[in-house]
Structure formats: structure tokens, C-alpha cells
Number of protein chains: 2
Amino acid sequence: MSKVLVYAAMSLDGYIAGPDVSHDHPMGVDGARLHEWMFGEHVDPADRVITKAVSADTGAVVLGRRTFDVGLAHWEDVPYPAPSFVVTHETRPDLPQKSGTFAFVPGVEAAVERAKAVAGDRTVTVMGADIQRQALAAGLVDEVLISLVPVLLGAGAKLFDGLPPMAFTGPVTHVRLGTA
Amino acid sequence: MSKVLVYAAMSLDGYIAGPDVSHDHPMGVDGARLHEWMFGEHVDPADRVITKAVSADTGAVVLGRRTFDVGLAHWEDVPYPAPSFVVTHETRPDLPQKSGTFAFVPGVEAAVERAKAVAGDRTVTVMGADIQRQALAAGLVDEVLISLVPVLLGAGAKLFDGLPPMAFTGPVTHVRLGTA
């Protein structure tokens, strides 16, 4: 049975994207700072293990309509090499890409159900702040993986805002940081 | 030279206290959930190492007036065994306790300066969301230690809200949690 994962890179102040998300700024203004550690020459091998594992484990993707809209031009493909389900009430034909096909599904519950049906033993990875919050609120999520990035963004989209009090299973994590 | 530390237990959604802080609820309503891992029979030894080290390293404390007001009845002492400087514009005589003396200082910069003068090689630990934010905004902080607790509080006082964009030195931290 596949598990449902919410994975996000999050700033210390809780943002997983900057403000004013657009085609020019798919992560929002300044939001690319949340992903800098993933790219370039100086990627920490310990970080690479995490992002590679998420990619390898992902058997299907559920993503929000806005994440699809601004992401597609940048990925030029599905976000992970797997069938990908876009939550939207607009009816659209499937959209095949190099490494998988986008299907368009009305509602997060239906999208997670369809994703589970094709993921097999692998993970259903949920992407996009809005849909991630909806999936958490609906109790559809089995695991949350946060890559906590040592920056403050000050504005943007917060993953955990507007959710009711919840408890997760797992340890307290101690994060020691210096000021620049 | 002593370093200045902001230490806080923080929920996943960024709260370091619940709402409606009062004498009955010194951590705010539900805020005690942020500290449960520190107390009781089932404390993780790895967690104890962290909290013991903060206590042992602390050579002076800077705290906010509200933290002092609601904390004193619970500590029945200074918060750590060290001289403690309360930021307030009210003039008050020093208030000796079992393990140190409270002094009352107008302004966070003056309080940090006085704390550094007595901390020697040990750490100046800054307590209380408001004063921690002021110290961060004023560039007075050398190190931030966050104990990230796997709960959502949904309301209360946030450590990092209202601060300008900042970057800290230190690694990305990957936190994997289950849903209950």
C-alpha cells in the first residue's frame, strides 16, 4: 500500500514559497532561496540523499493547479518521473510528457485515490502549499518531510497556516544556526 | 567573549507560545505542548543533552518583561542559575533569587551589554518571543537554537514573524514525521 507524503522545503518562518508566484517567479519572489541548496556545485551529499530518495520513491504525484501552471514551463516534464494528477475542476484531456502523464482530477481526495491506484508500493507525493494543506486537513497524509532551510523569507505562502492543532509522530529536532 | 543565544522550543507552524499567555497559562493556552518533551519520565537522552547544555552554558539571561511576569511564579527563581536582566522601562530595584539576581534594564541593547559584561566566556541566553525578535532585528544575536516540536498550535506568538528577510549559517535540516 502506498503512503502519501507531503514534502516541502520550508524557511524558518514557515514559508514554502515567496510572494507573488508567477511564471517568471515560479517559487515566488525570493522563493528560489528555498531551493538553492538542491542545485549547483556545492550540494551537500547528505542533502542529495534526501532529494534523490524522494524522487526514487515517488510512484505518483498529486499537485495543485497553480503549481502545475507555473511549474510546467520549468520542468518541461512531469515534476517527478511518475503519473501526475493535477487537482482542478476544469475538465481537460490527459497531457503526456517525457516521463509521465498529467491527468486532471476534480478534488484532492479523488486525486489521491487515483494516485494511490497507480503508485503500487511507492509513494504518492503531494506538491503545492494549497493542496498540501488540503490533504493534511482531510487526513489523507501519512508522512511529512520538511527540509528546513536556514533563511527567513518574511512573506509568501505558509505550509501550516490555517490548519487546526495537530500532533505528528517523530522526534524533536534541534537546529543550531549562526547569524551571518 | 560571550556569545548571544536565542533559544526556543517552536512548533512546526512557528509558535513558541500559545495564545492568551497569563499566570495560569505561562506558555499560553496549549503552549505547554511545546515543553512536554523536556519533562516527565520519558525524556529522550538526546534531548536532555541539549537542554542541559543550554543551562550549563548560560552565564547570563536577558528576558522580556512579560516572560518575567508570568515566569517568576513558576520558576520561583531566575530561569537559569545566572544573573538575569529584565527589559523594562519601569525602574525597579534588583530582585535577588536563590540562583541569581534579576536586574531591570531599559532596552534590549543595554540589557545584552550588561549581560555580556557578567557572562564571561559563557553564553547570554535571550528568552521571550518579543525580546528575541527585538534582539534578532537589532543584530545582537550570534546563535539561534530551535527545538522544533512536531505539533501544530494554530495560534499564539511566533518567533520569526515580522522580521525582515535574513539568512543564517548552518545546514538544511530534514525532518521526517508521521501523522498520528
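The values are calculated or read from the model by the stated rules, or taken from the named source; none is laboratory data. This is a predicted model, so every value here is computed, not measured. In this analysis, Cβ positions are derived from the backbone assuming ideal geometry, glycine residues included, and neighbour counts consider all displayed protein chains. For accessibility, only protein heavy atoms count, side chains too; no ligands or nucleic acids. Shrake-Rupley method; radii C 1.70, N 1.55, O 1.52, S 1.80 Å.
Within region B:20-55, if we keep just the residues that are in contact with a helix residue (DSSP H, G or I) (Cβ under 8 Å, 6 or more places away or on another chain) and under 16 Å from A:Pro165 (Cβ atoms), the residue that is surrounded by the most Cβ atoms within 10 Å (Cβ to Cβ) turns out to be B:Met27.
If the condition is being surrounded by fewer than 23 Cβ atoms within 10 Å (Cβ to Cβ) and closer than 25 Å to A:Glu109 by Cα, then region A:160-180 contributes A:Asp161, A:Gly162, A:Leu163, A:Pro164, A:Pro165, A:Met166, A:Ala167, A:Phe168, A:Thr169. Among the conditions (1) under 13 Å from the mean Cα position of the chain (by Cα); (2) within 7 Å of chain B (Cβ to nearest Cβ), A:Ala129 misses just one, which is (2).
The residues on offer are B:Leu152, B:Leu163, B:Leu145, and the sole one that is among the aliphatic types (A, V, I, L, M), facing another protein chain (nearest Cβ under 7 Å) and closer than 24 Å to A:Leu5 by Cβ is B:Leu152.
B:Thr91 meets the conditions (1) among the β-branched types (Val, Ile, Thr); (2) within 25 Å of B:Glu109 (Cβ to Cβ); (3) under 16 Å from the mean Cα position of the chain (by Cα) in every case but one. The failed one is (3). For B:Val118, the test of being open to solvent by less than 30 Å² (accessible area, probe 1.4 Å), modelled with pLDDT of 95 or more and among the hydrophobic types (A, V, I, L, M, F, W, C) is failed. Among the residues of region A:56-86, those that are open to solvent by 10 Å² or more (accessible area, probe 1.4 Å) and either more than 13 Å from A:Thr125 (Cα to Cα) or at pLDDT below 95 (or both) comprise A:Arg65, A:Arg66, A:Thr67, A:Asp69, A:Val70, A:Leu72, A:Ala73, A:His74, A:Trp75, A:Glu76, A:Asp77.
Open to solvent by less than 10 Å² (accessible area, probe 1.4 Å), in contact with a helix residue (DSSP H, G or I) (Cβ under 8 Å, 6 or more places away or on another chain), modelled with pLDDT of 90 or more and away from chain A (no Cβ under 11 Å), is that true of B:Val4? Against the criterion (open to solvent by less than 10 Å² (accessible area, probe 1.4 Å), in contact with a helix residue (DSSP H, G or I) (Cβ under 8 Å, 6 or more places away or on another chain), modelled with pLDDT of 90 or more and away from chain A (no Cβ under 11 Å)), B:Val4 does not qualify.
Taken together, the residues in region A:120-141 that are among the acidic types (Asp, Glu) and closer than 23 Å to A:Met27 by Cα amount to 1.
Look at (1) more than 15 Å from the chain's Cα centre (by Cα); (2) part of a strand (DSSP E or B); (3) under 24 Å from A:Ala46 (Cα atoms) and you find that A:Pro171 fails only one, number (2).
Considering each residue of region B:120-153, count those that are in a loop (DSSP other than H, G, I, E, B) and closer than 30 Å to A:Ala167 by Cα, and give that number.
Here is the first cut: in region B:120-153, the ones in a loop (DSSP other than H, G, I, E, B) are B:120-122, B:128, B:138-142, B:150, B:153.
Next cut, closer than 30 Å to A:Ala167 by Cα only: B:128, B:150, B:153.
Here the count works out to 3.
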